[in-house]
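Worksheet: the structure to be examined is printed underneath.
The values are calculated or read from the model by the stated rules, or taken from the named source; none is laboratory data. Computed from a prediction, not measured in an experiment: that's the story for all the values here. Neighbour counts are summed over all protein chains in view; Cβ atoms, including those assigned to glycine, are modelled from backbone coordinates with ideal geometry. Each accessible area value is taken on the protein alone, full model and side chains, heavy atoms only, with ligands, DNA and RNA left out. Shrake-Rupley method; radii C 1.70, N 1.55, O 1.52, S 1.80 Å.
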Amino acid sequence: MAKKAAQQQLQADLQTDEDLERFMERPGLLVLDVYSEWCGPCVGMVGSLRKIKLEIGGDNLHLAICKSDTITSLKRFNKKSEPTWLFVSGGRAVNILFGTDVPKLVAMLARELEKTLQKTPRPITFRIDELQPIEVDQQRVKMEAIERAERAEREVKHKKQMDYFTQVTDAIMENMPDIGVTVFGPQVNRDMFKKLTEPAEPLKMQCKDRRVIQVSSDQFEVVNFGCKNPLPPDVIEQLDGKELLMCFWKIDESIGTVPNVLMAYAHELTKERVAPPNDEIPEEHVIPPIITTMKLKIEIELKEGEVWVEELSSEEDLRLAQAQAKSGKGKGKGKSVIHEEVHAAEEEAAELDAEEEASEEEAIEAPAGADVMVGGLPSMPGFDMELDALDDMAEDEEEVQEVKEEEPPKPLTRTKTVKMPPIWVPNNRRTHAALIYVFFRGQTSGFLPPDPKPEPPHVIMAFDASKRKEILLLVDRHKDDVPLYGYFTSAEPDEAELIANSTDKYEGSPHSASDKIVLKVNKAQSNMMLSLVSYGPSYVSPNVNVGKDEALKFFPEDYKPQEEVVVEPEKKKKRSKKGSEVRESLDPESATAAAAAAAAAAAAAAAAAAAAAPVEVTTAPVEGEASATGEEVQVPAGEVVATGEGAPVVEGEAVAAAPTEGAGAVEGTDPAAAPAPQGAPPPATETHKEEAPAPEAKAPESEAEAPAEPVPEAPAE
């Protein structure tokens, strides 16, 4: 017992903040072995530390294991599996070491212990909850690795999307080589369709489908993946959520390619035309285009430090501004003059206000009883009593003005002009195919499969394997929310090793109490995650991005969630027999033929068995005649024995018998079924009788062995 107590004193066990505070009051060098609940303290290095304490440390070296899950200042070490050694002196952290390198740990401990004993001043120390330089470097390296992984993941995802879009558009171009799409701006509505079809007739264009579709900016990201003349970003931003008219055209390729014909069509819609003279206008006159560009002015908030540069909406405005700048006249000069006039007017108004305020002050400060005009009115008795009230009102107005001045200034904005094109036509076939894929997907149902469903966001949840029964009962009820699970040695994805991918396999293999059942849980709007949390998980991914990376480590693409079930051959036979019964029930004729064949096979088997061994039969005495011996008579197999009451019975089959030669027919028998005499061909009977005819009867060797002849019954009186 004394030895056990000594061991307990060599190393303290700290579980709470209070334990750590009391331990920090000890003098000398403190070495804290920080661990997590799911990954215990490093046991392999405890022996070396105790040896150093006993040999050179003594009372100046104190060892402790600290549970980071329940100690606030050590929370940053939670859920880490790497051994962590924290060196503390004078209530401050002086160094830290990660890993299981025993020589390195012993050397650092000896060095820090020597500094503590010699009371060497330490230039830099840290709080217990503060990151040390090595930890900062580790975090930086970790963040860089995460950024690289995310960037690589984005690149892979983008490449997969581009490959899929390329494959889809290739199929559309192959199956719809003469189809194109035109996208009209928000200024064009469906009521204008008749006018829009006028230029289409000379170009032999046929509108096969038209729709008014509410578009989003995300859809144009898909459309523009291979476009050489995409819409500008500011136009796409303004189109987000707008309803646009789109037409699905069939083009006659003898006139030209799809992009060229549709661009010619767009030119006809947007160009000005010259009309010949008519009764109303005797001269040639210009007809405006069918659809025109719409200029949309929007206000944009200026960012901090941003310089406002006025945007010109057209080249004509640009030329006009340049000409005005050269001449020094025009819009620019007028604008500056206006600003100067406004500034002068403001100054004059301020001077007038100051003069009025001064006159009011002079009037108020005049001595009582003097003939002073106040506000244009002569002074009256008792007016001085109201001056205090006026002062209070003026103070209230000043306070209101001060409150108004404290309001935050409105953000600066500028006006931007966005030109909305009336029609947009891509100049390559792939973008037309992308438009069909996004907005006219129903036209591709004959040759394109549906898009694969995107994987929902998910997280990793780990539990102790001892809770597997309760966890799996819940998983069975929500199989769609838990696509994968497995048994691992740890909840740390970088160090976990797969034990089994099914419960049956796990229970049949050796396992330990520290094993974990790890679930990939879809983060959907359901109660699944809340139900799982009630079972106390040992680890949950902090967010879906981390959960996605961890899921790839636990469950790579080649991971099989469960064992393959092999179908037994007997089940296949039963299944085929059941299928044959169903087929027979559907076809009565085939069912009858099959039944006859089965009966024939049974009769043949019975005949073969009868031929192999003699059958013992007991003859009943004929009415009015006794047997010669009264004993049992053995009849050869296949021979018919008649009784006084009708046809004999052979084991397993009923056969009708006829009377012997010279005797009449036995009552109840069928004469047509009587056996033919020896040497005569057998009569035509049923199928199973033809397949298994009775063997020829042999002559009896003695009278005792001969069968008794049946005696016809006397006619009824």
Handout entry: Distance (nanometres) between label positions extended 7 Å along Cα→Cβ at His511 and Asp17
Key = 3.8 nm
Practice task
Using only the Cα atoms of segment 453-492, build the gyration tensor, take square roots of its eigenvalues as a ≥ b ≥ c, and label the shape rounded, prolate or oblate: rounded if a/c is under 1.5, else prolate if a/b is larger than b/c, else oblate.
Solution key: oblate
Exercise for the section: Could you point to the residue in Leu530, Val425, Leu412 farthest towards the positive end of segment 405-546's charge dipole, with +1 and -1 charges on the Cβ of Lys/Arg and Asp/Glu respectively? Expected result: Val425
Practice task
Whenever you get a sec, line up His285, His478 from highest to lowest accessible area (probe 1.4 Å, protein heavy atoms).
Solution key: His478, His285
Handout entry: Three-way shape label, segment 209-262, alpha-carbon gyration tensor, a/c 1.5
Key = oblate
Problem - Among the listed pairs Lys75/Lys157; Lys242/Lys523; Lys160/Lys548; Lys142/Lys453; Lys157/Lys416; Lys79/Lys479, those beyond 24 Å (Cα-Cα) - result: Lys75/Lys157; Lys242/Lys523; Lys142/Lys453; Lys157/Lys416; Lys79/Lys479
Fill in the blank from the handout: If unit charges are put on Cβ atoms (+1 for Lys and Arg, -1 for Asp and Glu) and the dipole of segment 251-293 is taken about its Cα centre, the option from Asn278, Pro259, Pro288 lying farthest towards the positive end turns out to be Pro259
Completion exercise
The answer for segment 1-121, accessible area per residue at 1.4 Å probe in Å², is 52 Å²
Handout entry: segment 236-287 - charge dipole about Cα centre, Lys and Arg +1 at Cβ, Asp and Glu -1, debye rounded to 20
Key = 260 debye
Practice task
Any chance you could check the Cα centroid distance between segment 423-490 and segment 157-179 for me, in angstrom?
Solution key: 20 Å
Completion exercise
By the Cα gyration tensor axes a ≥ b ≥ c (a/c under 1.5 gives rounded; else a/b larger than b/c gives prolate, otherwise oblate), the shape of segment 1-142 is rounded
Practice task
Let me know the charge dipole size of segment 84-195 about its Cα centre in debye, to the nearest 20, where only the beta-carbon of Lys, Arg (+1) and Asp, Glu (-1) is charged.
Solution key: 460 debye
Exercise for the section: Under 15 Å from the Cβ of Pro510, count the other residues' Cβ atoms, weight Lys and Arg +1, Asp and Glu -1, and hand me the total. Expected result: -3
Exercise for the section: Place the peptides 107-113, 152-158, 186-192 in order of packing, highest mean first, counting for every residue the other Cβ atoms within 10 Å and averaging per peptide. Expected result: 107-113, 186-192, 152-158
Handout entry: Share of carbon and sulfur in the accessible heavy-atom surface of segment 1-143 [1.4 Å probe, %]
Key = 54 percent
Handout entry: Computed FRET value (nearest 0.05) for Asp178 with Thr125, which takes r as the C-beta separation and R₀ as 51 Å
Key = 0.05
